1. Between beta-carbons, use under 13 Å as the cut-off and find the net charge around N440, counting Lys and Arg +1, Asp and Glu -1.
2. Compute the distance from the alpha-carbon center of region 245-261 to that of region 104-133, in whole Å.
3. Taking the square root of 5 times each eigenvalue of the Cα gyration tensor, what semi-axes in Å does the equivalent ellipsoid of region 192-305 have, largest first?
4. Could you put S329, S512 in order, starting from the residue whose Cβ has the fewest other Cβ atoms within 10 Å?
5. Quick one: order T410, T459 by neighbouring beta-carbon count within 10 Å, fewest to most.
6. For region 132-141, what does the Karplus curve 6.51 cos²θ - 1.76 cosθ + 1.60, with θ = phi - 60°, yield as ³J(HN,Hα) per residue in whole Hz, taken in order and with x for Gly and Pro?
7. In straight Cα distance, which aspartates and glutamates are under 19 Å from K22, not counting same-chain residues fewer than 8 positions off?
8. Using the Cβ atoms and a cut-off under 11 Å, what net charge is assigned to the surroundings of K409, where Lys and Arg are +1 and Asp and Glu are -1?
Amino acid sequence: MDKRTKKETHSKPGAKKTPKPKYNLWQNTGFMLRTSRKYAKSVFPLCIVLALLSAGKSVAELLIAPAILNKIELSASLGSVVFTIAAFALVLMLLSGLRSYVDTNALFGRIAVRSQGIYLSISRKYAETSYPNLLNTDFLALGEKASAACAGNSEASEAIWTTLTDLMTSCIGFIVYLALLTNLNLWLAALVAATTAVSYFASKRINEWGYLHRSEELELTKRIEYANKIATSREFAKDIRMFGLRGWLEDLWGSTMRLYSAFCAKRERKYIWANIIDIVLTFLRNGIAYAFLIGITVKNGLPASQFLLYFAALSGFAQWVVEILDKLSVMHKQSLDISTIREFLDWDEPFDLNGGERIAFEPNKQYEIRLDNVSFRYPKADKDTLSHINLTVHPGEKLAIVGLNGAGKTTLVKLVCGFLDPTEGRILLNGEDIRKFNRNDYYALFSAVFQEFSVLDVTVKENVAQCVDGIDEARVWQCIDKAGLTEKIKSLPKGIETHLGRRVFKDGVEFSGGQTQRLMLARALYKNAPILVLDEPTAALDPIAENDIYQKYNEMTHGRTSFFISHRLASTRFCDRIIFVDSGKIAEEGTHDELLKNGGGYAYLFEVQSKYYRSDNQDGTSDGSPDAAIK
């Protein structure tokens, strides 16, 4: 690793502040209530029941000692005192038991709201969002925060119900105790109200600092997670040992932890002011209230039972104030997370995936695709990736797109597939702008094997068919055979019923890179779409396996409009036409032989690649050029 890279890795994250939340506490509470009515209607009513039971238990605990003392003051019989004690004990047992029972039942509803209501909505947003959003770093960062707010029982999307219950409990207790204390003096209530308001708004203002700097915190935690992943993953084990990366990892970990510790210290210095304000106001409130109570007792001669009641009420009342402040502060923080979730779910969609003119799916229909003066620039880029592309792909034509890495080949295919819209120009399907069509119907016209492919931890046949029900097993085997995987699949314990991957199923198997690429070819063939896109389909294959795929290419693409993207120029012989992309433009166009005769960039690259296949004839070995390999 060079010094420049190391310096960039350890640089302090930008102090760019997160914008203020779109939704406030009350709006987010309303959102959670609406969500609960859809997925677990009992959640909020049970919160109310829990609050009443908890507050009732606290009030009973407040009254028990003064009631017993009052019996003693009235010279009641021992039996009456024992009965009072037993009655209160029974009430406390019933309230505790009911609260435990209700809380257990409420837990399932809280989980349902978080997992089925919110987390599933986030997953659906990721799965259904327009492809350009997945290239937007702001969208992805917001999605990470939204997912984190649903990661467990203690996160905002579930914990807010517990906080709401505690807040309602505190409010009920506050009202009951306040009603009791107003018998002493109304100014006590005014004092409590004033200190409560000051503490709440001070805490709210200070707590917003954490929200406004969450992007900085997230960046630091991502660095820590990255260092942990590298240090503990088997994937990097050989590189760490081979290149001596242990010192670099320790340096990365240490520098990141120092930055994170400094951030946490700064955050806690901000938060401590909220605690100082609360402590000072609580001290003033309690000091004044206790002094007033003692004065009333001395002056008016309050009975011991009433003095005990008011003394306990003052102490408890102060605690209710603290609880209200604390729960409001916690709920405000949780509201910020809920707002993040809602902002992610509300993220604008550049494509109308469900609207537009419908396209009837006809596997045997042929399509012409035309790019009319198409240019494309990625967000935040300073220049176009593709510039003024004019290209017509005729029905049933096999087109090869070749060029150096970074020339724009894959971007061109993403535009053709409808994943991206041109920043300039039009893409036409049989003469019609593709933006007028239903985007999902348009996607259905394509089968594809992309460079970045994914294998699901399900059975082989489900990976090929990309569904669970209604799988045509005969067609699965046919596509597997065309992709050259028959022998491998038959060797598996359960054939096409064998699970792939070991993250979910212990008996799963793992394919090599070449076998996985063949599986992706089988998947593309099974879809039987009229347009086929193969983006570097032989990148992970050895020359012999690659030659086998080349030989079958005509059969696989027969009658279909096909796009074949490759940096191995020998593969282009099978295509009807080749375009050579250079610096975002179509530099050359023609057949393989025509481009070689032209002696341009295509011919030069073909000659360079051929050298890697040729052997020195003086040592007796045969010519292994690309042409020889595919003849």
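1. Once positives and negatives cancel, what remains is -3.
2. Centre-to-centre distance over Cα atoms comes out at 35 Å.
3. 55, 15, 10
4. Fewest-to-most Cβ neighbours within 10 Å comes out as S512, S329.
5. T410, T459
6. Using θ = phi - 60°, the values come out as x, 4, 6, 9, 8, 5, 5, 4, 5, 5 Hz.
7. Candidates past the 8-residue exclusion: D138, E144, E208, D337, E343, D346, D348, E349.
8. -2
None of the figures in this text is laboratory data; all of them are computed from the coordinates on show. In this text, all values refer to a predicted model and were calculated from it rather than measured experimentally. For neighbour counting, all protein chains shown are included, and Cβ atoms are generated from backbone atoms with ideal geometry for every residue, glycine included.
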